[in-house]
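To keep things clear, I will list the structure first and then write my remarks on it.
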Protein chains: 2
Amino acid sequence: MSEYAQLEPHQFRLLCREAKHTSHTSGACEEYAQANLIVLPQEYADDFINLCLRNPVPCPLLCKTPVGNPFTIDNPEYIKEGFDLRTDFPSYNVYENGELKFTKTDVKNEWSSNHIGFLIGCSHSFEHELCENGLIPRHLALGRGVPVYKTTKNLDPAGVFTDCTYVVSMRPYRPEDVPRVREITSKFKKTHGEPIDWGYEGAERLGITDLNRPDFGGQPVIHDDEIPVFWGCGVTPQLVVMQQKNKIRGQVISHTTGAMLVLDITSEQIKRLE
Amino acid sequence: MSEYAQLEPHQFRLLCREAKHTSHTSGACEEYAQANLIVLPQEYADDFINLCLRNPVPCPLLCKTPVGNPFTIDNPEYIKEGFDLRTDFPSYNVYENGELKFTKTDVKNEWSSNHIGFLIGCSHSFEHELCENGLIPRHLALGRGVPVYKTTKNLDPAGVFTDCTYVVSMRPYRPEDVPRVREITSKFKKTHGEPIDWGYEGAERLGITDLNRPDFGGQPVIHDDEIPVFWGCGVTPQLVVMQQKNKIRGQVISHTTGAMLVLDITSEQIKRLE
């Protein structure tokens with residue numbers, strides 16, 4: 001289990017702000033929900049919001065900031081005042097023209113007066129309830145990040161965001177446990193909900209050719225009596241941005257895979273949101 | 001154009017109720033929005049609502065009835081009192097065990113005290129605005145129903161509803177008109193919004209092998225300087241039900257393809273709904 005399992009969210013965010021924790025957040029503040037980040041120049045905000053509304057499973061939009069203001073969000077139930085979205089994630093990716101330019105532990109210099117930040121739901125939020133039901137995700141038992149894969153499944157396009165594909169996280173389970181895993185996670189509608197596919201046939205449908213080589217996150221371990229189970233993943237917006245290449249002008253900022261913002265809303269509370 | 005283009009919705013619904021109009025509704029009451037229907041035994045309602053929430057592009061849920069009551073919906077802005085969902089569509093399909101059993105002009109005997117009806121947004125709703133912008137859908141010019149195709153694109157599953165695939169409607173446009181077609185229809189978020197794909201490569205991505213053989217609706221005519229443009233289609237829930245085969249017990253009712261309920265909300269009004 002994470003050494004940060006019992007910390008309060010604001011304590012953990014302070015560690016991130018001071019760059020004392022700079023890697024993945026699986027198991028951190030275990031009763032609290034977590035969020036993905038994407039920060040876009042404001043001219044792409046409407047198309048991005050529409051993309052999220054059209055594709056709520058991989059892109060469950062929780063809330064957004066005003067233009068140029070990383071200290072405020074439009075739905076205060078997720079996180080209390082006093083945060084700074086430029087520093088409170090463990091680390092950040094900065095993209096230009098769809099290419100990763102650098103990775104940093106804060107983006108104070110990059111978050112401009114023209115940027116809007118979006119918080120996206122994260123599947124870490126349902127892992128605590130899986131654990132409580134004896135369905136401990138393998139990567140938590142191994143102390144790794146969750147394995148994350150690109151797929152060939154297309155998002156429904158929105159404005160500038162075309163030719164986008166789902167990114168999925170994977171947790172292995174025995175086939176007889178899949179119905180219970182589906183039921184538990186289906187309640188978390190704001191954090192990807194139930195799996196989008198499962199089984200080795202599911203991997204094939206999603207265009208995942210080699211399960212042993214995830215595109216992001218930790219190395220998977222799947223036992224012989226288990227099958228892979230795939231959830232929509234909040235890394236999707238990052239891939240979407242990379243896939244737009246030269247269509248998006250200006251810098252785009254995201255969190256790094258698995259290194260999330262810990263929110264002040266508990267998993268139990270976020271489960272109740274539609 | 002439809003001979004019913006200028007009728008008031010309640011007048012047109014009366015024609016349907018009296019079985020004087022029993023076929024497609026393209027162009028009927030041209031300024032008003034239209035809706036698809038699916039009627040399920042109540043035990044499948046929660047899973048179906050979740051399916052719609054997870055897949056809002058092919059399944060934009062507008063409103064639902066109470067159990068066993070086809071005269072009331074939970075959002076009165078769509079249609080005024082005095083309707084009867086058992087009679088006010090031109091015609092209905094009745095399914096058992098995922099198989100079409102019969103087609104009728106009313107379902108007074110089939111809509112039981114255990115049934116819940118769901119109204120789903122319909123792409124007919126944005127056709128008037130396309131016409132007003134000189135982008136007349138071909139099937140309207142030809143006086144036919146819109147061509148509708150099954151695809152291989154998977155919906156994200158929800159509960160009992162697994163292994164479901166998108167159904168799409170198709171309208172041909174010149175490539176240079178696609179950006180304007182996307183922009184106009186993108187505003188109609190409750191009636192499928194912008195296209196999900198376009199072009200002959202898009203048809204291939206969607207697994208449509210023969211454009212000349214639509215699975216439902218009218219025969220297409222695509223000119224040499226045009227490409228097919230595909231929208232999510234409210235026939236999807238019908239296909240979803242057929243795809244569940246023996247998993248759904250009891251009778252399921254739907255409208256027949258292209259033969260919609262004309263609502264009392266105008267296309268201009270439905271365009272403003274998120």
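Here B:Asn75 fulfils each of the conditions (1) outside any loop (DSSP other than H, G, I, E, B); (2) farther than 23 Å from B:Thr22 by Cα apart from (1). Consider region B:59-72 and keep the residues that are more than 21 Å from A:Lys190 (Cβ to Cβ) and in contact (Cβ under 8 Å) with a residue 24 or more places away in the chain. The one that is surrounded by the most Cβ atoms within 10 Å (Cβ to Cβ) is B:Leu62. A single member of B:Glu183, B:Glu268, B:Glu274 is open to solvent by 10 Å² or more (accessible area, probe 1.4 Å), without any contact (Cβ under 8 Å) to a residue 12 or more places away in the chain and of a type in the set (Asp, Glu), and it is B:Glu183.
Of all the numbered requirements in (1) over 27 Å from B:Met242 (Cβ atoms); (2) away from chain A (no Cβ under 14 Å); (3) charged (D, E, K, R), B:Lys108 misses one, and that requirement is (1). Here region A:141-187 is the region considered, the condition is being touching a Lys or Arg at 6+ places or on another chain (Cβ under 6 Å) and of a type outside the set (Val, Ile, Thr), and the residue that is farthest from the other protein chains (Cβ to nearest Cβ) is A:Pro172. Within region A:97-147, the residues that satisfy the criterion of being closer than 20 Å to A:Gln238 by Cβ and in a helix (DSSP H, G or I) are A:Ser123, A:His124, A:Ser125, A:His139. Per this entry, A:Asn36 is not counted among residues that are within 14 Å of another protein chain (Cβ to nearest Cβ) and in contact (Cβ under 8 Å) with a residue 12 or more places away in the chain.
In region A:32-50 there is no residue that is closer than 15 Å to A:His115 by Cβ, at pLDDT 95 or above, assigned to a strand (DSSP E or B) and touching an Asp or Glu at 6+ places or on another chain (Cβ under 6 Å). Residues in region A:188-207 that are open to solvent by 20 Å² or more (accessible area, probe 1.4 Å) and more than 10 Å from chain B (Cβ to nearest Cβ): A:Lys190, A:Tyr200, A:Glu201, A:Glu204, A:Gly207. The residues of region A:1-38 that are open to solvent by less than 10 Å² (accessible area, probe 1.4 Å) and β-branched (Val, Ile, Thr), listed by number, are A:Thr25, A:Ile38.
The values are calculated or read from the model by the stated rules, or taken from the named source; none is laboratory data. Just so you know, these numbers come straight off a predicted model, no measurement behind them. Note that each Cβ is placed from the backbone with ideal geometry, even for glycine, and that neighbours are counted across all protein chains shown. Side chains are part of the model used for accessible areas, which takes the heavy atoms of the whole protein and leaves out ligands, DNA and RNA. Shrake-Rupley method; radii C 1.70, N 1.55, O 1.52, S 1.80 Å.
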